[in-house]
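Engineer: Quick one: the structure is below, questions incoming.
Just so you know, all these numbers are worked out from the coordinates, no wet-lab data involved. Here the structure is a predicted model, which means the values were calculated and not measured. A quick note on method: Cβ atoms are made from the backbone with ideal geometry, for glycine too, and the neighbour counts reach across all protein chains shown.
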Amino acid sequence: MLRTLDRYVAKEVIKGALIAVTVLLALLNFFTFADELGDLGEGDYGMKQIFGYLALTSPRAFYELMPSAALVGGLVTLGGLANNRELMAMQAAGASRARIIRAVLSGGLVLLAISVAVGELVAPGAEREANALKSTALKKQVASRTKYGFWVRDGNIFINIRRVDQPENLGDINIYEVSPDKRLLLASHANKAIYDGAKWGLVKIRASYFRPGEVTADLKPAMDWSSVLAPDLLNAFVIRPENLSAWELDRYIDYLRENGQNPLPVEQAFWGRIVQPAVTLVMLLVAVPFVLTIKREVGMGQRIVVGVVIGLGFYLFDRMFSHFGLIYEMNPIFAASFPTGLALVGAMIGLMRMRAG
């Protein structure tokens, strides 16, 4: 009997959170769509590309919205159970408040697993594809991924990138330039391309020039790549830390340390990835005292407002504290976990007062 009630509460929590995240995602995509209309018609960026961009950025948005959706869904679902006196009936049947909280958290674990799967397996790759799609469409350039690497076309210039060692370090690059009548004019190879934060540069270039009746070769130690290809398209290769999985971030941290670069922003992003799944459970814990201590007459609309205000407040505080952590060079673990820890303390205080009441 009690196990059936546990499954029922968990299922309702999961359903409420998924409905909430769908609504929040629809709202976010609506505002993103309105913003993307500003670039409509530029280059090859049309409605098809906009909807493709929205589809590819949705997994990351889903991952980031899940904690707020869990809070809103938890408030609405548990509030509905309380208003219908179902929670009271459960307690009369022998289900303690602690058991109800445990059932809520079991539903949260399912949401956590879904969130991690989307955030780690789907979102990073989809976000990179979204950036490439938009960049290539806006610049009227063609880019595609094949088993032979990443191919880019910029007018009569064709570029093949065989290796992406790190987000800011590309390797084994071939560049071909053809004439309007499809005759090969230039074939060059660069060992690597490095992004210095502002522009790309090629390293160790071997070039062959094809002219009627002769072929000449040239060697250069380095050259600016913006003279070859539009910088905006190359910036699609610069993967932002927030668009990497935890495993990729860990590798990137090692790369930065080995090359004497500051890893703090990436370390903070890494620990943010580790902490993020726990935020979903903490938000569900925050929802419980609001439901079990507030009168049943409180309507669904009021609960949604409370959930949105708390969720938005937490999101803004988390982002603000993250920026403070970078500015004041705080310990990345502390900077990533402090807002969640503070919310957990608030939830535990609410639970203890509920028990005392």
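Engineer: Could you work out which residue, out of Val23, Val288, Val152, moves most in a Gaussian network model of the chain, that is, has the largest mean-square fluctuation with Cα springs under 10 Å?
Structural biologist: Result for the chain, Cα springs under 10 Å: Val23 fluctuates most.
Engineer: Give the long-range amide H neighbours of Asn156: residues separated by 5 or more places, or on another chain, with amide H under 5 Å away, using H modelled in the peptide plane at 1.01 Å from N.
Structural biologist: Result for Asn156 returns nothing.
Engineer: Please list 3J(HN,Hα) in residue order for the stretch 275-288, calculated via the Karplus relation 6.51 cos²θ - 1.76 cosθ + 1.60 where θ = phi - 60°; whole Hz, with x for glycine and proline.
Structural biologist: 7, 3, x, 5, 4, 4, 5, 5, 5, 5, 5, 5, 5, 4
Engineer: Which angle between 0 and 90 degrees, to the nearest 10, do you get for helix 300-327 versus the longest principal axis of the chain when only C-alpha atoms count?
Structural biologist: 50 degrees
Engineer: Then there's this: GNM, the chain, Cα, under 10 Å: largest mean-square fluctuation among Leu40, Leu284, Leu24?
Structural biologist: Largest GNM mean-square fluctuation: Leu40.
Engineer: Here are a few candidate values for Cα Rg over 2.2 N^0.38 Å: (1) 1.27; (2) 0.96; (3) 1.02. Which one was actually calculated from the structure I just gave you?
Structural biologist: Evaluating Cα Rg over 2.2 N^0.38 Å on these atoms matches (1).
Engineer: Another question about this same structure. Tabulate in residue order the Karplus-calculated ³J(HN,Hα) for the stretch 21-29, using 6.51 cos²θ - 1.76 cosθ + 1.60 with θ = phi - 60°, rounded to whole Hz; enter x for Gly and Pro.
Structural biologist: Using θ = phi - 60°, the values come out as 5, 5, 5, 5, 5, 5, 5, 4, 5 Hz.
Engineer: Right, another one. Less than 12 Å apart at the alpha-carbon level, and either on another chain or at least 8 residues along: which aspartates and glutamates does that give for Lys182?
Structural biologist: Here the aspartates and glutamates satisfying the reach criterion relative to Lys182 do not exist.
Engineer: Hey, what do the phi angles of the stretch 261-268 turn into as Karplus ³J(HN,Hα) couplings, whole Hz, using 6.51/-1.76/1.60 and θ = phi - 60°, x for Gly and Pro?
Structural biologist: For the stretch 261-268, the Karplus-derived couplings read 9, 6, x, 4, x, 6, 4, 5 Hz, x marking Gly and Pro.
Engineer: Suppose a student asked you for the relative contact order of the chain, using Cα pairs under 8 Å spaced at least 6 residues apart; what percent would you report?
Structural biologist: Answer for the chain is 18 percent.
Engineer: Mind ranking 272-279, 343-350 by how tightly packed they are, going by the mean number of other C-beta atoms within 10 angstrom, highest first?
Structural biologist: 272-279, 343-350
Engineer: Taking the chain as a Gaussian network, where each spring joins two C-alpha atoms under 10 Å apart, which residue of Leu219, Leu285, Leu87 fluctuates the most?
Structural biologist: Leu219
Engineer: Against the longest alpha carbon principal axis of the chain, how many degrees, from 0 to 90 and to the nearest 10, is the axis of helix 123-138 turned?
Structural biologist: Its long axis makes an angle of about 50 degrees.
Engineer: Now for a different question. Specify which residue in the list Leu28, Tyr8, Ala55 is farthest towards the positive end of the charge dipole of the chain, using unit charges on the beta carbon of Lys, Arg (+1) and Asp, Glu (-1), about the Cα centre.
Structural biologist: Selected residue: Tyr8.
Engineer: Where a Cα-Cα gap under 13 Å defines reach, which aspartates and glutamates qualify for Lys199, not counting those fewer than 8 residues away within the same chain?
Structural biologist: Glu168, Asp224, Asp232
Engineer: By per-residue mean of other Cβ atoms within 10 Å, what is the highest-first order of 177-189, 205-217, 259-271?
Structural biologist: 259-271, 177-189, 205-217
Engineer: Find which of His189, Leu138, Ala93 sits farthest along the positive direction of the dipole of the chain, computed with +1 on the beta-carbon of Lys and Arg, -1 on that of Asp and Glu, about the Cα centre.
Structural biologist: Ala93
Engineer: Would you mind ranking Leu2, Leu71 so that the residue whose beta carbon has the fewest other beta carbons within 10 Å leads the list? Let's see the in-between values first.
Structural biologist: On the way: Leu2 13, Leu71 28.
Listed from fewest to most nearby Cβ atoms, that is Leu2, Leu71.
Engineer: Sticking with this structure for a sec: To the nearest 20 debye, what is the magnitude of the charge dipole of the chain about its Cα centre, counting +1 on the Cβ of each Lys and Arg and -1 on the Cβ of each Asp and Glu?
Structural biologist: Approximately 1220 debye in magnitude.
Engineer: Go ahead and estimate [θ] at 222 nm for the chain from helices alone: -39,500 (n - 2.57) per DSSP H run with n ≥ 4, summed, over the residue count, rounded to 500.
Structural biologist: Computed mean residue ellipticity for the chain: -21000 deg cm²/dmol.
Engineer: Taking the Cα centre of the chain as the origin and placing charges on Cβ (Lys, Arg +1; Asp, Glu -1), which of Val308, Thr216, Trp151 is farthest toward the positive end of the dipole?
Structural biologist: Most positive-ward Cα: Val308.
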